[in-house]
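The values are calculated or read from the model by the stated rules, or taken from the named source; none is laboratory data. Keep in mind the model is a prediction, meaning the values are calculated, not measured. Here Cβ is always computed from backbone atoms with ideal geometry, including for glycine, and neighbour counts include all displayed protein chains.
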Amino acid sequence: NRLWRRGIVFAHRDFDKFLNSFEKGKPVAVMSGIKPTGDFHLGSKLTVEQIIYCQKAFSGKLFYCIADLEAFADNGQSLETSAEHAIQNTADLLALGMDERNALVYKQSENKAVSNLAFIAARKTTLATLDAIYGHQNLGLYFSALMQSGDILQPQLKEFGGPKHVVIPVGIDQDPHIRLCRDLAQKIDPHFLPPAATYQRLFRSLDGTTKMSKRDPLNVISLNDEQELIKKKVMRALTGGRATAEEQKRLGGEIEKCVVHELMFFHFQDDDMALKKFQERCTSGGISCGDCKKEVAQKICSYLKNFQERKKKLLPKARKMLEKQ
């Protein structure tokens, strides 16, 4: 898997214990979720690819939370709006390869077990602890953090087979949530195992200034973007190009600065040899940044066109999955 081969997944907590449990034939699980405030983007895709790899490689049941209560607490978004986004996000999961036969996709607002765990967690947590982790916030956001702990610990409940190793694939910026839950696990139930986590590098926004985020729509590639918009966004993206065409030919591009290279490295070139040739063409001055952007934009457009066609067919299945609850 390219995420591990290329060091995109670069750190972990207790993943070795998760692997050891799997190798002994014990049941394991995978857990993740999303705040349903919009379309999946390339950063979301990266996490989902890691989740789906773990689901299939380790035969672990996937627990996927639609964090509609967090969307209300953090963004003031109604549960009705979140429900519409939830259908879209679930179709994204299916189109990216999630095996729905071994998955539970649920909304926080409809999951009593998670709420119960969050209330128990609240009894084991002080305001000072939450303030130290998250800074001064309203109580809704503090309780959202406890709901996340409930989400993470839910796979270890009796109705899901009891205590087991659970892995949460996340970006490194999510580590505070993982650490809080690891601290709470055995305070809530002495039989619970502290959750494991794998951490991926953050995927940069197209201007290279921060991580890709729904909050900055001009610098994010959404999985639902139209073809012409994708091309425009890629053509605006930060590169490692030199000041002049002559310098570019003589010195080559600086790929370590280039977001366009990162699009290929993180997402759109699985073949390592093909990626190496792509890199060498840049660093040897064999291609201009403009021509490179056009090639990459075309590759992204082709991928997302196929993805969007798959997703459209899967929307009824996504709606049915969420209606079952």
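Structure notes:
- Among the residues making up region 273-307, those that are surrounded by fewer than 16 Cβ atoms within 10 Å (Cβ to Cβ), in contact (Cβ under 8 Å) with a residue 24 or more places away in the chain and under 30 Å from LEU104 (Cα atoms) are TYR303, LYS305.
- Among the residues of region 184-200, some residue qualifies, meaning at least one is aromatic (Phe, Trp, Tyr) and touching a helix residue (DSSP H, G or I) at 6+ places or on another chain (Cβ under 6 Å).
- Filtered by the rule that a residue be assigned to a helix (DSSP H, G or I), out of contact with any Lys or Arg (no Cβ under 8 Å at 6 or more places or on another chain) and of a type in the set (Gly, Ala, Ser), region 63-110 gives ALA73, SER109.
- Here region 112-131 is the region considered, the condition is being in contact with a Gly (Cβ under 8 Å, 6 or more places away or on another chain) and polar (S, T, N, Q), and the residue that is surrounded by the fewest Cβ atoms within 10 Å (Cβ to Cβ) is ASN116.
- Inclusion of VAL259 among residues that are touching a residue at least 12 places away in the same chain (Cβ under 8 Å), of a type in the set (Val, Ile, Thr) and either surrounded by fewer than 18 Cβ atoms within 10 Å (Cβ to Cβ) or under 16 Å from ILE8 (Cα atoms) (or both) is warranted.
- Among residues of region 198-223 that are touching a residue at least 60 places away in the same chain (Cβ under 8 Å) and closer than 26 Å to GLN55 by Cα, those with a Cβ under 8 angstrom from a residue that is assigned to a strand (DSSP E or B) and aromatic (Phe, Trp, Tyr), sequence gap 6+ or separate chain, pair up as TYR199/PHE10; GLN200/PHE10; ARG201/PHE10.
- A single member of GLU49, GLU159 is modelled with pLDDT of 95 or more, under 22 Å from the mean Cα position of the chain (by Cα) and part of a helix (DSSP H, G or I), and it is GLU49.
- Number of the condition not met by LYS249 [criteria: (1) surrounded by fewer than 15 Cβ atoms within 10 Å (Cβ to Cβ); (2) in contact with a strand residue (DSSP E or B) (Cβ under 6 Å, 6 or more places away or on another chain)]: (2)
- Residue pairs whose Cβ atoms lie under 7 Å apart, separated by 6 or more positions or on different chains, with the first residue in region 156-181 and not assigned by TED's automatic domain parsing to the domain that holds THR47 and the second part of a helix (DSSP H, G or I), do not occur.
- Verdict on ASP291 being outside any helix (DSSP H, G or I) and of a type in the set (D, E, K, R): no
- Residue among ALA83, ALA11, ALA57, ALA71 that is among the aliphatic types (A, V, I, L, M) and crowded, with 19+ Cβ neighbours inside 10 Å: ALA71
- Residues of region 9-19 classified as touching a His at 6+ places or on another chain (Cβ under 8 Å) and either assigned to a helix (DSSP H, G or I) or farther than 17 Å from TYR199 by Cβ (or both), total: 2
- Criterion violated by ASP270 - all others in (1) surrounded by 13 or more Cβ atoms within 10 Å (Cβ to Cβ); (2) outside any helix (DSSP H, G or I); (3) under 26 Å from the mean Cα position of the chain (by Cα) satisfied: (1)
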